[in-house]
Every structure is written in C-alpha cells, then in structure tokens.
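What follows draws every value from the coordinates through simple rules; no lab data is involved. This is a predicted model, so every value here is computed, not measured. We place every Cβ from the backbone using ideal geometry, glycine too, and count neighbours over all the protein chains shown.
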Amino acid sequence: MIEVTEQIVELDPSELLDFCGKNDEKLRELESQFEVRIIPRGTTIKIVGEAARVEQAHRLVEHLLSFARSKRGLTKRQIRYAVESIKSDRGEDLQRIFSDRVPLPLKKRGVAPMTAHQKHYLDAIRRCDIVFAIGPAGTGKTYLAMAMAVHALISNQVHRIILVRPAVEAGEKLGFLPGDIAAKFDPFVRPLYDALYDMVEPEKARQLIENGTVEIAPLAFMRGRTLNSAFVILDEGQNTSVEQMKMFLTRLGHDSKAVITGDVTQIDLPQGKESGLVHARRILSNIEGIEFIHFDETDVVRHELIQKIIRAYDSAERGNGAQPELPLPYRREGNTEILADDVLAGDTDAPKIIGIQPQE
C-alpha cells in the first residue's frame, strides 16, 4: 500500500502570485513533474502524495523560495535542471551550483552555471592554468570560457584575450574566400564573436579587436609565439592534429590561462588522422594543473530538443552496426575490401583483394 503524506510550506503574501503563477500554472507544472497534488490555501501551499514524491517536490519548492528571496531567482533552464537533479536523486548542491556568478559588463546578474558540470568547469578555470572542456554542442563550453576570459580582462588578471580556432571545414568545401586573412578566417570564428558581443558593448568589442586586446588567430599562425598575460581559448579542439595540439599547448607563457573546447563526436579531420584533443586526453589527464571537464546531454542549455537530438544520434551510432568507413585508397564491395583504382577500373580479380570481412 502506498503511503500518502503531506507537507506544508509557508509563503509571504508578497510571494504568492509570483510563486504560484497566473491561475496557479506554476503549481500545476510542479504537480505534473512530481506526480503530487499542490493545494494553495491562503499564504500556505500543501503538497500531498506519495511520501518520496512529496519530499522531492518539497525540496524543489524550498530551493525556489530560497533563490527568490535572495533576489537572484532561477532561469527556466535552471529550474528544469533542478527538477531532473532532485528526481534522479543525484545529491547535488543546487545552492552552490546556482549561486555562482561571473560578473560581466552587459549582464546585470552576471553569467551563472546552469548545471553541476558547468559549475565544475568554472571552478576548474579559476583553479588551473590549462582546462579541457569536452562534450556535445550546446553545453556552454565556449560561452563560459569566453565569460571567464572577459571577466579576467576587465578585472586586470590578464592583458589580452586570444581566440584560436583551426580552419577546418565541417564536411563541406567552402572554396575560395575573398579578402585578407581576417576576412577569410571570419566564418570559422563567428561563434566566438557572437559570445564576445553578448558580453561587451558592440563599440567596446570593436575597439578591443582593433587595438589587439582581443585577437582572433588561426591555429596555424600560433607557431613560434609565447603568450604572456593572456587568456587563450582554443575552440573546436577536436579538429586539431596531435602536432597542432602540442604546438598550441607549448605557447602558454607567464600569467596565462588556456581553455580548450571540443566535441570528440564531431571530428572533421581526414580519416585516419588522430585528433589532438583525443590524444591530449589520453596522455595529459594525470598532470597536475591540467583538468579535463566532460559534459553530456544533461548539460545542454540550448533548446530543450537538443538533448533529445544528441541522445538519438548517440543511440543510432551505438546500435546501427554500420561498418566503419575505409580510409583511401580502399573501397568496400559487399564484404570485400578492394583498392580504389581497381574499383574504378571495374577489376575485382582475386589478386587485388586485400581483406575479407567475416560474414555476420
């Protein structure tokens, strides 16, 4: 038999409308999330239902009230994450996560972490000089790194921000791009520009770029440099070669930080070429002063459908049983691997066969 229990929460009269919502719509949402009944009575709300569910709903209500009373409030994404965390019983310190702030000029309340991994990420950047952020798109890897870089600049912790990205096309050929090197590289660094302009007044951002305080640099142009008193962000790190990653990491000078972001499921390098990000994770993870933060679909802070899309793609890649694509100069015909030139010539005689795939 299911044990039914109830808990009562006291509200200040000034909190009622904001907390309950128009026609109690916010309470109805909480009811659907935790499968309980929430009954408003005067300045109290009563939570009724299965004991475990009531306890979870009560914990969320206490968190929401605490943040509302501290004048910080929570975004819809933070509330959604809090619901998932409490329902999954992950034991996360939501107060500690959501109380963090990165002060920025255009953000009155600063930039706050939305998830536990994002909080760990910010703490790692504060603590370590080199931080790797690995995870799917939309998890805030680049945006939070830019927020920390801008804050470091305006608080005089560093004198420059250097934004670096490999010029690798994502599965399509862009062809010849007109203009100087800045114009040619512009399409590759547009996400970094977007983040910068979201945090600094447009005119100020242009001045910072023009006077070199904020520098946008192709990865290939970093060789031979020493980066002192700089906050350096390498975006799309999965598209660096092993040699490029080593070259980048050894540019770091005194009083500098480097953040490397990337998604190891979206590598656009030629087949057979190892990603510098994957290699770095394998050989650098035990070095003190270097930290790796891994994100997953629960950290996605874009449209809520992105979580479902990432989950669907991951499931398809694990379950479709597709054979891996062969590196050139080979092609596959049925279960047989054949030299590309022989395929083009239509010659598939036995001597040309280089491997037989076993029958399923």
- Given 10 °C, 1.306 mPa s and a Kirkwood radius over Cα pairs, the Stokes-Einstein diffusion coefficient of the stretch 81-168 in µm²/s is 110 µm²/s
- Task: First obtain the Kirkwood hydrodynamic radius of the stretch 58-106 from its Cα pairs, then insert it into the Stokes-Einstein equation at 25 °C and 0.890 mPa s, and state the resulting D in µm² per second as a whole number.
- Result: 214 µm²/s
- Message: Give me, ordered by chain and number, the residues 5 or more places off Val264 or on other chains with an amide H under 5 Å from its own placed amide H.
- Response: Gly135
- Item | Long-range amide H partners of Ile216 with built H, under 5 Å | Leu163
- Item | Anisotropy class of the stretch 235-309 from Cα gyration tensor, a/c 1.5 cut | oblate
- Item | Debye-sum result for the stretch 1-46 in log10 I(q)/I(0), which assumes one identical scatterer on each alpha carbon, at q = 0.18, 0.26, 0.32, 0.33 Å⁻¹ | -0.54, -1.00, -1.28, -1.30
- By the Kirkwood definition, with r running over pairs of different Cα atoms, the stretch 191-241 has a hydrodynamic radius in Å of 12.6 Å
- Task: Could you sort out which of Lys26/Lys76; Lys87/Lys141; Lys119/Lys273; Lys22/Lys46; Lys22/Lys87 sit more than 23 Å apart by Cα distance in this structure?
- Result: Lys87/Lys141; Lys119/Lys273; Lys22/Lys87
- Message: If R₀ is 56 angstrom, what is the calculated FRET efficiency for the pair Arg190 and Val9, using the beta carbon separation as r and rounding to 0.05?
- Response: 0.75
- Consider just the alpha-carbon atoms of the stretch 1-127 and return their Rg together with their Dmax, both in angstrom. 15.9, 56
